[in-house]
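Quick notes on the structure that follows.
The values are calculated or read from the model by the stated rules, or taken from the named source; none is laboratory data. Here the structure is a predicted model, which is why all the values come from computation and not from measurement. Using ideal geometry, Cβ is built from the backbone for each residue, glycine included, and neighbour counts are taken over all protein chains shown. When the accessible area is computed, the model is the full protein with side chains, heavy atoms only, and any ligands, DNA or RNA have been set aside. Shrake-Rupley method; radii C 1.70, N 1.55, O 1.52, S 1.80 Å.
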Amino acid sequence: QVQLVESGGGLVQAGGSLRLSCTASRSRIIINSMGWYRQAPGKQRELVATITLSGSTDYADSVKGRFTISRDNAKNSVYLQMNSLKPEDTAVYYCKATQSNGVRAWGQGTQVTVSS
């Protein structure tokens, strides 16, 4: 079972930027899709952005134009550059990876807090 290690969360003022990173613990595996999800207090977990092995991306409407997802296939890592952050972006952000055999893994989550 692959494990995902996240980093990069923190506290930032509105309009600021953060960069999240997520790396899989095993390098000799093929991860088809990687993505970021978030869960705010009292709300369901929602998709933020995903990226396929070939680099195709998908974003939630609420983050389009502000967030950029990227990945390094050699490192089995995925990144989320978050710009122009808003208080409503405050949430725990989770990394997710789907292996070529269909097995899914989640990271432990990293807190992002945006103050107004």
(Q) Looking only at region 37-57, count every residue that is in a loop (DSSP other than H, G, I, E, B) and surrounded by 13 or more Cβ atoms within 10 Å (Cβ to Cβ) and tell me the total. (A) 3
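Would you say A97 is under 14 Å from the mean Cα position of the chain (by Cα) and of a type outside the set (F, W, Y)? Break it down stepwise before answering.
Working: under 14 Å from the mean Cα position of the chain (by Cα): yes; of a type outside the set (F, W, Y): yes.
Judged against the criteria, A97 is a match.
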Q: Would you please name the residue that is most open to solvent (accessible area, probe 1.4 Å), looking only at residues in region 1-26 that are closer than 17 Å to S70 by Cα and assigned to a loop (DSSP other than H, G, I, E, B)?
A: S17
(Q) Can you say whether K75 is among the basic types (K, R), within 19 Å of V114 (Cα to Cα) and over 13 Å from the mean Cα position of the chain (by Cα), as far as the supplied structure shows? (A) no
Q: Give, as residue ranges, the strands (runs of 3 or more DSSP E) completely inside region 58-116 that count at least 1 residues that are open to solvent by less than 50 Å² (accessible area, probe 1.4 Å) and under 20 Å from G10 (Cβ atoms).
A: 67-72, 77-82, 91-99, 110-115
